[in-house]
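Here's the structure, in structure tokens; my notes come after.
The values are calculated or read from the model by the stated rules, or taken from the named source; none is laboratory data. Please read all numbers here as calculations on a predicted model, not as lab measurements. Because the Cβ atoms are built from the backbone with ideal geometry, glycine has one as well, and the counts that use them run over all protein chains shown. For the accessible areas, the whole protein counts, side chains as well, though only heavy atoms, and no ligand, DNA or RNA atoms are used. Shrake-Rupley method; radii C 1.70, N 1.55, O 1.52, S 1.80 Å.
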Amino acid sequence: MIIDEKNVILQTQNEEIATFLWQIMCKLTIKNIGPIKEVKMDVNKITFLLGPQSSGKSTIAKVLCHCQWIEKRCYNNFEEEREKFIVGTSFVDGFNEYYRFNGYFRDDSYILYEGNYITLEYKDKKLGILKNPDEDYEYPKLCYVPAERNLVAAIPNLRKYNDTNDLILYFLYDWFEAREYLKEMNLDDIIERRVKYVFEKSNNSDIIYDGDDAKLDLKNASSGLQSVVPLMTASTYILEGVFKRYKPLSSEQKMQLEKANLREDAFFYKRSDIYIEEPEQNLFPDAQQKFVYWLMREMRESLRQHSALITTHSPFVLFSLNNCLIGGLAEKKLPEQVKNDSPSKESWIDPKLVTVYEIHDGKLKTIQEESGLLMHNYLNQAYRKINAEYLAMLDYYED
């Protein structure tokens, strides 16, 4: 496993410096794409996007992911890759093919991505890419975990799925690598009983051991397991395992090393940027909570400067996140007994490293107080409306 010296140094510096570096690392502006009217956002170490269905959460996530992928490609060979992307309609064509964005772009669509290695601007149906003066760039592993992840159990002969060059196909590549690397995974930390996932390479089967006796093909397991297995295996591999596997450099990368006189590890992954759509999908509230605690713990404890963007419309995801945030604020003041009794204690995180946005009519707003804790939002309002209806009728109820 390669440990990047810069990451280790950053991990040991004070929280203010680390937070500052994350806050200026990446900015994104989007106008008039799909349901998005205008959004401006700073991408933090951990970013949550909250909103109703079809409000634009995934649109934002996919635009950011595509811009970061272009940045990564430009790092391989700036001049050559830049020319590929700026010619004609290739930029929009990439969105249409990879993310199925047909009909999303309009004449007045606009994107400004201010990354670490490049600044990208799409305006008046033309793309411009500039290399930033500061070329210090940590080569990332990108992974997008889509809401359709349970297809790994639903589609037979999944390895033959190559109809399109799209987001789902590239998630499958990560899934195939993850299960072959991990081989098996206990899910006890997420599911409140003894459940284990096993990949049997000899017959290319995904098996669930539920308790002592039950042995099921993943395709016959519950919808919750069909969702959580690819979610957990891919996330674990992307945040941990991918850095422990040696992958030979491509001939293109070797040529770039020689041309630019770079060290061999220039194309080794230094961190991961992971995108997760709706982690709550088909999961019981307790499992949603435990996944959030697991993810926050991984992000907090890793020596690598990972980033995560999560889309959600689950109150349980937000409530769980809020526990991690208030724990990060109160950790030094809490009595030992309270700490020991808190299920989230290993997941407490500095709220400065977390940003939660809510989408309103195609625009973004933050839903955090100055402390970083979550304040009024869609889900709180929905709860109050439901509770008000209940209370209005309660006085008339007779046992």
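Which pairs break 28 Å Cα to Cα here: K290/K352; K290/K339; K57/K196?
K57/K196
Between rounded, prolate and oblate, where does the range 316-355 land on the alpha carbon gyration tensor, with a ≥ b ≥ c its root eigenvalues, rounded for a/c under 1.5, else prolate if a/b exceeds b/c? Could you put the intermediate results ahead of the total?
Numbers: a/c = 2.69, a/b = 1.45, b/c = 1.86.
It comes out oblate by the Cα gyration axes.
If you average the sequence gap of Cα pairs under 8 Å that are 6 or more apart and divide by the length of the chain, what percent do you get for the contact order? Display every interim value, and only then the final one.
Working: 618 pairs, mean separation 82.7, N = 399.
Reported as a whole number, the value is 21 percent.
For the chain, what is the charge dipole size about the Cα centre, in debye to the nearest 20, if Lys and Arg each add +1 at the Cβ and Asp and Glu each add -1 at the Cβ?
Numbers: 51 positive and 63 negative charges, 144 e Å.
With Lys and Arg at +1 and Asp and Glu at -1, about 700 debye.
On the protein heavy atoms, probe 1.4 angstrom, tell me the percent of accessible surface of the chain carried by carbon and sulfur.
Numbers: 10020 of 20220 Å².
Roughly 50 percent of what the probe reaches on the chain is carbon or sulfur.
Which value at 222 nm does the chain reach when only helices count, each DSSP H run of 4 or more adding -39,500 (n - 2.57), with the total divided by all residues and rounded to the nearest 500 deg cm²/dmol? Intermediate values should be presented prior to the final figure.
Values: 13 runs with 159 residues, N = 399.
So the helix-based figure for the chain works out to -12500 deg cm²/dmol.
Under a no-solvent Debye model with one identical scatterer per Cα of the range 281-399, what's log10 I(q)/I(0) at q = 0.12 Å⁻¹?
Here log10 of I(q) over I(0) equals -0.54.
If the elastic network links every pair of Cα atoms under 10 Å, which of Q289, Q337, Q68 fluctuates the most in the Gaussian network model of the chain?
Q337
At 7 Å along the Cα-to-beta-carbon direction for both D188 and A147, put a label point, then send me their distance in nm to one decimal.
If labels sit at D188 and A147, their model points lie 3.4 nm apart.
Evaluate Rg over Rh across the range 175-309, taking Cα atoms for both radii and Kirkwood's formula for Rh.
Numbers: Rg = 17.6 Å, Rh = 16.7 Å.
Taking Rh as the inverse mean 1/r over Cα pairs, Rg/Rh reads 1.05.
Whole number in Å², please: accessible area per residue of the chain, 1.4 Å probe, ligands, DNA and RNA not counted. Don't skip to the end; give the middle numbers.
Details: 20220 Å² over 399 residues.
Ligands and nucleic acids excluded, the figure is 51 Å² per residue.
From the Cα gyration tensor of the chain, with a ≥ b ≥ c the square roots of its eigenvalues, which class applies: rounded if a/c is under 1.5, or else prolate if a/b is larger than b/c, or else oblate?
Numbers: a/c = 1.40, a/b = 1.23, b/c = 1.14.
In terms of gyration-tensor shape, rounded.
Distance cut-off 32 Å, Cα to Cα: go down the list K183/K365; K345/K365; K27/K244; K141/K365 and report the pairs above it. Before the final figure, lay out the partial values.
Numbers: K183/K365 42 Å; K345/K365 29 Å; K27/K244 30 Å; K141/K365 29 Å.
The pairs that break the limit, which is 32 Å between Cα atoms, are K183/K365.
Can you classify the range 34-137 as rounded, prolate or oblate using the Cα gyration tensor, where a ≥ b ≥ c are the square roots of its eigenvalues, rounded means a/c under 1.5, and otherwise it's prolate if a/b beats b/c and oblate if not?
Working: a/c = 1.96, a/b = 1.27, b/c = 1.54.
Oblate, since a/c reaches 1.5 and b/c is not below a/b.
Which order do H313, H306 take by accessible area at a 1.4 Å probe, largest first? Before the final figure, lay out each step's value.
Details: H313 55, H306 0 Å².
These residues rank, largest area first, as H313, H306.
Which of the aspartates and glutamates could a cross-linker span from K37 if the Cα-Cα distance has to be under 18 Å and same-chain partners fewer than 8 positions apart are dropped?
Candidates past the 8-residue exclusion: D107, D108, E121, D124, E358, D361.
Can you check what the net charge comes to around L309, using other residues whose Cβ is under 11 Å from the Cβ of L309 (Lys, Arg +1; Asp, Glu -1)?
Values: positive: K45, K57, K62; negative: D273, E277.
Around L309, the charge tally is +1.
Of the candidates N387, N44, N340, which one comes out as most mobile in a Gaussian network treatment of the chain with C-alpha springs shorter than 10 Å?
N387
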